[in-house]
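The values are calculated or read from the model by the stated rules, or taken from the named source; none is laboratory data. Every value quoted in this text rests on a predicted model; they were computed, and no experiment measured them. Methodologically, a virtual Cβ is constructed for each residue, glycine included, from the backbone with ideal geometry; neighbour enumeration extends over all protein chains shown. Protein only, heavy atoms only, side chains kept; ligands, DNA and RNA dropped before computing areas. Shrake-Rupley method; radii C 1.70, N 1.55, O 1.52, S 1.80 Å.
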Amino acid sequence: VHVMFTLAGLVIGSFLNTVIVRVPAKEPLMAGKSRCPLCDAQIPLRDNIPLVSFVLLRARCRSCRGTIPFAYPLVELVNVAVWYLALWRFGWTWEMAAFAVLFSVLLALSVIDLELYILPNRITYPSILLSLAVIPMLAYGGADRPTMAIRNALVGGFGFAGFLLVTLILYELIVRKEGMGIGDVKLAMLLGLWIGFLDPVLVLYALVAACVLGVVVGVVVLLARRASLIEQ
């Protein structure tokens, strides 16, 4: 069972690489076979086996011998890791399956955000809508107090998103500079729904963690900019 679970995680991780490349480019996800980003040659099935092909090809394209970014197998491995995290937390349950999917979505969004500083609506909107449909089913399928579980999820989602939205508006009014984007608010909605479903108190912890992380990242960026100005 664990072998199949791992293989499924690798396959979905490989699909996430397609999502990461095609969604920001506004390309169809099922637009034929994958292509090498360097020489545009079609990648045959034997060279598209998750993780295995990367190792056998020694991180090089068969056609142009260009270097295959290590990010591709890394996404596949991280996806397997977060799936096992969901399995460790929830066991073989429907909650585990739901959170495994959530973690995969968050992984794709994280990589896209790191590379392009965007959170595509093509991912966030369907994820939120699907969550609003799945959470009640999970609640009535196993929660002791399903109505309260659903309410906690909604409070978590709208509370987290609302807090970030107010923060964003105040920041732009006071500092008169663009801060985080509205995509972060949508991501907060998605996270808040699932965190609230687990325990609404965790939403408060998530808010604190987000604030601390924001301060740390801001300080690092500020110091990097000052160092760059000094060098110039």
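Some points to look at:
- Of TYR72, TYR171, TYR117, the one that fluctuates the most in a GNM where the chain has Cα springs shorter than 10 Å: TYR171
- Between LEU107, LEU85, LEU116, the GNM of the chain built on Cα springs shorter than 10 angstrom shows LEU116 fluctuating the most.
- Overall form of segment 1-130 per C-alpha gyration tensor (a/c, 1.5; a/b vs b/c): oblate
- Chymotrypsin sites (Phe, Trp or Tyr not before Pro) restricted to segment 1-91 and DSSP loop, no more than 16 other C-beta within 10 Å: PHE70
- Mean residue ellipticity, 222 nm, helices only, the chain: the sum of -39500 (n - 2.57) across DSSP H runs of n ≥ 4, divided by residue count and rounded to 500, is -25500 deg cm²/dmol.
- Amide H within-cut-off set for ILE68, under 5 Å, with H built and near neighbours excluded: ARG60, CYS61
- At most 11 other Cβ within 10 Å, DSSP loop - GluC sites (Glu not before Pro), segment 102-201: GLU178
- Based on protein heavy atoms only, the chain ends up with 63 Å² per residue of surface accessible to a 1.4 Å probe.
- Summed residue charge, Cβ within 12 Å of LEU56's Cβ, Lys/Arg positive, Asp/Glu negative: +3
- Shape class of segment 58-132 from the Cα gyration tensor (axes a ≥ b ≥ c, square roots of the eigenvalues): oblate, since a/c reaches 1.5 or more and a/b does not exceed b/c.
- Accessible area of the chain belonging to carbon and sulfur atoms, whole % at 1.4 Å probe: 70
- Förster radius 41 Å - calculated FRET efficiency between THR147 and GLN42 (Cβ-Cβ, nearest 0.05): 0.20
- Other residues within the sphere of radius under 13 Å centred on the Cβ of PRO200, judged by their own Cβ, net out at +1 (K and R +1, D and E -1).
- Three semi-axes describe the equivalent ellipsoid of segment 121-200; taken as square roots of 5 times the Cα gyration tensor eigenvalues and ordered largest first, they are 28, 13, 6 Å.
- The alpha-carbon positions of segment 29-88 define a convex hull whose volume is 98 Å³ per residue.
- Electrostatic bookkeeping for ARG122 treats Lys and Arg as +1 and Asp and Glu as -1; over the other residues with beta carbon under 13 Å from its beta carbon, the sum is +2.
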